[in-house]
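All remarks here apply to the structure that follows.
Since every read-out is calculated from the coordinates, none of them should be taken as a lab result. This is a predicted model, so every value here is computed, not measured. Cβ sites come from the backbone with ideal geometry, for glycine too, and all protein chains shown count toward neighbours.
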Amino acid sequence: MEIRAATVLPARREPIELHTGDGLTLVGELALPEDRPPVATLVTLHPLPTHGGFMDSHLYKKAANRLPALADLAVLRFNTRGTSSERGTSEGAFDGGADERFDVAAALEYAEFHDLPRIWVVGWSFGSELALKWAHDPVVEGAILLSPPLHRANENDLDAWARFGRPLIALVPEFDDYLRPDEAERRFARVPQAEVVGVEGAKHLWVGEPYVRIVLNEIVRRIVPDRHPLPTEI
């Protein structure tokens, strides 16, 4: 059977709640391999909620639908403060990336407390800026940024990640609305361990199954290379 956009593969999917340091409850979901422990963990940070981003944004929903079965990855998704999805609404209000630092910390604390292995942060658009600003935590092995606009995150944040020293991979669409590969190469150059991967033909929202497969394969190639490339049929 071909793996298509709507394919949902077997996994243990658990509703979760995160509790922030400033007293909010955030809603989310943890997807785990069905009958074995995960080998690594993705903590996902979604796009801008004021422009439709949430835990079910399509790349993350498809990651949760596929990667526990295909790559033995745990996928943690959640709504940042004030964001809604089918899972529910997280308490609080959007704060432009400032108080969201508590949200990022709560997700990492949840993963650490539940002994989830090898934590990687995956941030998409606004979520990439949360990763750069707030995810340089000792429990984090590295970060993968999807369509990073480098708008709220600035040179100081890049310098902080450079000092952090953990891997940083930026997947940058050829036709991104905010930051394209050549400019991304220049701006990420101040992070010695950063790698910019330009993706030909892609746009900011990664619409289309070919681009979804590129993103998921790049994630798997960096974190569990023995599971790369992902199968297109099961």
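Let me know the whole percent of all Cα-Cα pairs from the range 107-159 that are separated by more than 15 Å.
Numbers: 609 of 1378 pairs.
Here the tail beyond 15 Å accounts for 44 percent of pairs.
Give me the one-decimal Kirkwood hydrodynamic radius in Å for the range 94-231, with the sum taken over alpha-carbon pairs.
On the way: mean 1/r = 0.0654 Å⁻¹.
It works out to 15.3 Å.
Of the listed peptides 61-68, 9-16, what is their order by residue-averaged count of other C-beta atoms within 10 Å, with the highest listed first?
Values: 61-68: 23.5, 9-16: 14.0.
Answer by packing, highest mean first, reads 61-68, 9-16.
Would you work out which of F188, F175, A202 lies farthest towards the positive end of the dipole of the range 164-219, given +1 charges on the beta-carbon of Lys and Arg and -1 on that of Asp and Glu, about the Cα centre?
F188
How high is the relative contact order of the range 83-133, in percent, with contacts defined as C-alpha pairs under 8 Å that are six or more residues apart?
Working: 22 pairs, mean separation 15.7, N = 51.
Relative contact order for the range 83-133 comes out at 31 percent.
Considering amide H positions built from the backbone, and no H for Pro or chain starts, which residues 5 or more places from A40, or on another chain, come under 5 Å of its amide H?
Under 5 Å from the amide H of A40 lie the amide H atoms of A74, each far enough along the sequence or on another chain.
Evaluate the charge dipole of the range 1-129 about its Cα centre and quote only its size in Debye, nearest 20, assuming +1 on the Cβ of each Lys and Arg and -1 on the Cβ of each Asp and Glu. Don't jump to the answer; show the numbers that get you there.
Working: 12 positive and 19 negative charges, 107 e Å.
I would put it at about 520 debye.
What order do you get for 24-35, 185-196 when each peptide is scored by the mean count of other beta carbon atoms within 10 Å, highest first? Intermediate values should be presented prior to the final figure.
Numbers: 24-35: 19.6, 185-196: 16.0.
Highest mean packing first, the order is 24-35, 185-196.
How do 103-109, 158-164 rank on mean C-beta neighbours within 10 Å, highest first? Each step should come with its number before you reach the end.
Values: 103-109: 22.7, 158-164: 16.3.
The densest-packed peptide leads the list: 103-109, 158-164.
Dividing the alpha-carbon Rg of the chain by 2.2 N^0.38 Å yields what?
0.93
Treating cross-link reach as a plain straight distance, find the aspartates and glutamates whose alpha-carbon is under 19 Å from the alpha-carbon of K62, omitting any fewer than eight places away in the same chain.
Partners found: E2, E14, E29, E34, D72, E86, E209, E218, E233.
What number, rounded to the nearest 500 deg cm²/dmol, is the helix-based mean residue ellipticity at 222 nm of the chain, given -39500 (n - 2.57) per DSSP H run of at least four residues and division by all its residues?
Details: 6 runs with 70 residues, N = 234.
Calculated from helices alone, the mean residue ellipticity at 222 nm is -9000 deg cm²/dmol.
For I16, list long-range residues whose amide hydrogen, built 1.01 Å from N in the peptide plane, is under 5 Å from its own amide hydrogen.
Amide H neighbours of I16: G28, E29, L30.
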